[in-house]
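The values are calculated or read from the model by the stated rules, or taken from the named source; none is laboratory data. Since this is a predicted model, take the numbers as computed values, not measurements. FYI the Cβ positions are ideal-geometry reconstructions off the backbone, even for glycines, and counts take in every protein chain you see. Note: accessible area is taken over every heavy atom of the protein model, side chains too, but ligands, DNA and RNA are not part of it. Shrake-Rupley method; radii C 1.70, N 1.55, O 1.52, S 1.80 Å.
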Amino acid sequence: MSAAVLTLAPPGSAHTSARLPLAFHCSATAHDLSGTRDVILATYRAPTPRLAARWMQAEALRLARLFDPHPGEPYLGRAAVVPTGPTCPRPHTYLYAWAQEPGQYEQALLTLAAAEPYRISVTDYDARYSLLAAPLLMPPKPPQSPAPAGCQPSPARAGRRRRKPARHAAR
């Protein structure tokens, strides 16, 4: 008598079997607070949840450096950098904190691995800035049954071509 074998499906396979993530769409956008304009700052198509989370982390650091530039940055040229008061919004502090906190990265990774979107949003006086990673889902393939043995495709359908329309000479 042979021993019984118990096979368990991985957790969450019932949800992911219906729709599998093909890739992850990542974007950084700016939305004006009146809701009339959206600007795409950056996009990326990540093949895995880990690369999507890494892109979000790197993009958060990049945006934070743009929000809080050092006075000697070459891209500023001769522009004056003026210190702000304590009541001014500081979106860069949240972005730095999120990008440098390992627990936040792990939370993003777990959310994306579950085929759920993950978003970070910060606001200043003029706009709301968002980093988004969302799964691009593909529908499941319908089961295909094999063709019965000995069946060949119909020659009438297999060899059929479209007829080109006849051209009439201009008179």
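Hey, can you grab everything whose amide H is under 5 Å from the amide H of A42? Only 5+ residues off in sequence or another chain; H modelled, so Pro and N-termini drop out.
Amide H neighbours of A42, under 5 Å, 5+ apart: A28.
Give me the net charge for the shell around A42: Cβ to Cβ below 13 angstrom, other residues only, Lys and Arg +1, Asp and Glu -1.
+1
Determine, from the Cβ-Cβ distance of R62 and T36 and an R0 of 22 Å, the FRET efficiency 1/(1 + (r/R0)^6), rounded to the nearest 0.05.
0.30
Return one whole number: the accessible area per residue of the range 71-141 in Å², for a 1.4 Å probe.
Value returned for the range 71-141: 64 Å² of accessible area per residue.
Sort 94-104, 35-45, 79-89 by the packing proxy (mean of other Cβ within 10 Å over each peptide's residues), most packed first.
Result, highest mean Cβ count within 10 Å first: 94-104, 35-45, 79-89.
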